[in-house]
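See below for the structure under consideration.
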Amino acid sequence: MAHSLLADPGTAAVLRAESVHWPSITLTPSEVCELELQLTGLLGSHDGFVLLRTEIAPAIGDRMALRNAEGLVLAILTVTDFSVEAIRGTLIGIQLPVHFDFGTLRSLPNGLSAGTVAVFADTHHPAHLPTFEALGALEAPLLFVVPAGSADLADNSHFARVRCLRATLSAFATPPTLCVLPLIPGSLPEARETIARHLGACGVFGGPQSPSERTISPDALLPAAADEFARSFPPNSRRGFTVFLTGFSGSGKSTVARVLEARLLELGGREVTLLDGDLVRQRLSSELGFSREHRNLNILRIGYVASVITKNGGAAICAPIAPYDTIRKEVRATIEPLGGFVLVHINTPLEVCEQRDVKGLYAKARAGIVKEFTGISDPYDVPEDATLRLDTTTRTAEACAEAIISHLRAEGFLE
Ligand code: ADX
């Protein structure tokens with residue numbers, strides 16, 4: 001059985017008080033997961049905890065407080081070894097991370113039957129028929145281990161998997177035991193035999209993996225899981241999306257965005273939020289200027305709001321200049337797992353935008369009165385990854401919005 005590295009409550013209180021004088025390290029979400037596995041003894045005997053850190057130069061014997069993102073001291077690390085990129089040390093556990101989800105499933109299983117096989121339900125569904133059949137053929141008691149390591153409780157991947165698994169338990173001749181572990185899905189493959197043994201199982205199921213949840217066909221699932229699966233992984237028509245328009249000032253982004261907003265509202269079925277560049281600069285980013293750093297912060301804020309809207313099934317229309325590729329990609333990476341993301345380059349030529357000069361800002365930029373002006377004295381990275389490129393000199397704003405609607409329809413986001 002697992003052997004815990006947690007200090008007794010008295011020692012933990014003393015160490016926690018002393019640790020205010022020692023350096024602190026804030027652990028990443030995946031480090032917190034690994035720490036919890038070590039503290040509960042599930043990784044077995046090990047040669048210390050390793051932190052990949054370059055910013056600290058410790059001495060052997062130094063003690064450090066390992067904290068989670070909220071600042072709670074989870075463990076004390078005593079340095080035994082270090083190099084330029086890593087620190088290794090021994091652990092004393094102060095407290096385990098607190099989990100609010102699936103309380104009963106978070107306790108380690110007690111008294112598993114002899115011969116139990118552990119099934120790590122991370123990328124695959126034991127409810128997927130080929131997996132289900134292979135599991136039945138084992139004729140062994142089963143322990144479903146659901147990896148639930150995530151930075152964000154709102155990430156529903158393990159919630160959905162636990163619900164689907166719960167729905168299937170009675171389909172097995174002997175209902176499997178279920179437990180939730182602090183593991184990032186797919187992580188620590190080499191440690192899984194050890195984890196399984198410390199949980200009391202005799203081995204790990206290595207049978208067929210199902211496709212990812214988004215590509216699985218409900219027909220390939222046990223009927224008992226199909227309803228729950230459909231509820232957890234709705235079709236695109238019931239998921240949110242973000243339309244992200246990027247382009248020069250005066251390119252027509254705002255007009256296209258407003259026509260698109262009206263068209264989506266006419267169609268109905270989704271809440272629509274317009275995050276126009278100028279509006280955002282008044283409401284969300286009024287203190288920001290136009291340096292690279294400030295523009296990036298502005299785009300990250302817009303991306304965050306759009307990600308929340310998308311996650312909750314709404315439609316977000318963003319229309320900032322967003323001149324930098326790296327930050328646009330970062331926004332895409334945040335939103336894509338939550339719903340649709342359509343990057344639209346409003347590629348009206350700069351000369352046309354300058355000619356229009358509705359706000360007189362191009363004239364001021366040419367005169368050097370307005371500095372760092374996109375296209376004149378500040379760069380614009382043309383998006384190679386745009387799904388649509390629309391030029392408002394050759395199409396009306398209505399036609400541009402219609403092209404976006406057609407794309408959303410083709411992707412199944414609109415019925
Ligand atoms: S972004 O670069 O951070 O995406 P954003 O879309 O919010 O820019 O704001 C652009 C709007 O701010 C422009 O339409 C223009 O009206 C105004 N603006 C003022 N100064 C600048 C500048 N130096 N560069 C670009 N736009 C500017």
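Numbers at a glance
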read-out: Using a Förster distance of 60 Å, the FRET efficiency for ASP357-ARG88 (Cβ separation, nearest 0.05); value: 0.50
read-out: Accessible surface, per residue, of segment 236-410 when the full set of protein chains is kept, probe 1.4 Å, Å²; value: 46
read-out: Among beta bridges that DSSP assigns inside the chain, antiparallel share in %, nearest 5; value: 30
read-out: Accessible area per residue, Å², segment 9-93 with all protein chains present, probe 1.4 Å; value: 48
read-out: Distant-in-sequence amide H partners of GLY203 (H built 1.01 Å from N, under 5 Å); value: ALA118
read-out: Relative contact order %, segment 250-305, counting alpha carbon pairs below 8 Å whose residues are six or more apart; value: 23
read-out: Amide hydrogen neighbours beyond the local backbone of LEU275, cut-off 5 Å, H modeled; value: ILE317, CYS318, ALA319
read-out: Paramagnetic reach from LEU288 in segment 309-332 [backbone N under 19 Å; point 7 Å along Cα→Cβ]; value: 309-310, 316-332
read-out: Expected 222 nm ellipticity per residue - DSSP helices of 4 or more, -39500 (n - 2.57), all of the chain, to 500; value: -10500 deg cm²/dmol
read-out: Rounded to whole Hz, the Karplus (6.51, -1.76, 1.60) HN-Hα couplings of segment 63-71, x for glycine and proline; value: 10, 9, 8, 9, 10, 8, 4, 7, x
read-out: Amide H contacts under 5 Å for LEU74, placed H, 5+ residues apart; value: LEU66, ARG67, ASN68
read-out: Stokes-Einstein D in µm²/s, Kirkwood radius over Cα pairs - segment 236-410 at 37 °C with 0.692 mPa s viscosity; value: 203
read-out: Kirkwood-Stokes translational diffusion coefficient of segment 297-341, alpha-carbon pairs, 37 °C, 0.692 mPa s, µm²/s; value: 316
read-out: Estimated inter-spin distance, ASN110 and ARG263, nm [label 7 Å along Cα→Cβ]; value: 6.1
read-out: HN-Hα J in Hz across segment 98-112 - Karplus 6.51, -1.76, 1.60, θ = phi - 60°, x for Gly and Pro; value: 8, 10, 9, 9, 6, x, 5, 7, 7, 6, 5, x, 10, x, 5
read-out: Zero-based 10 Å bins, Cα pair distances in the chain, whole percents; value: 4, 18, 21, 20, 19, 13, 5, 1, 0
read-out: At 1.002 mPa s and 20 °C, Stokes diffusion of segment 1-46 via Kirkwood alpha-carbon radius, µm² per second; value: 177
read-out: Carbon + sulfur, % of accessible area of the chain - ligands and nucleic acids excluded, 1.4 Å; value: 55
read-out: Karplus (6.51, -1.76, 1.60) ³J(HN,Hα), θ = phi - 60°, over segment 382-392, in Hz, Gly and Pro reported as x; value: 5, x, 6, 9, 5, 6, 10, 10, 10, 10, 7
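The values are calculated or read from the model by the stated rules, or taken from the named source; none is laboratory data. Since this is a predicted model, take the numbers as computed values, not measurements. Reconstructed Cβ throughout: ideal geometry from the backbone, glycine too, with neighbour counts over all protein chains shown. Just so you know, the surface numbers come from the protein's heavy atoms only, side chains and all, with ligands and any DNA or RNA stripped out. Shrake-Rupley method; radii C 1.70, N 1.55, O 1.52, S 1.80 Å.
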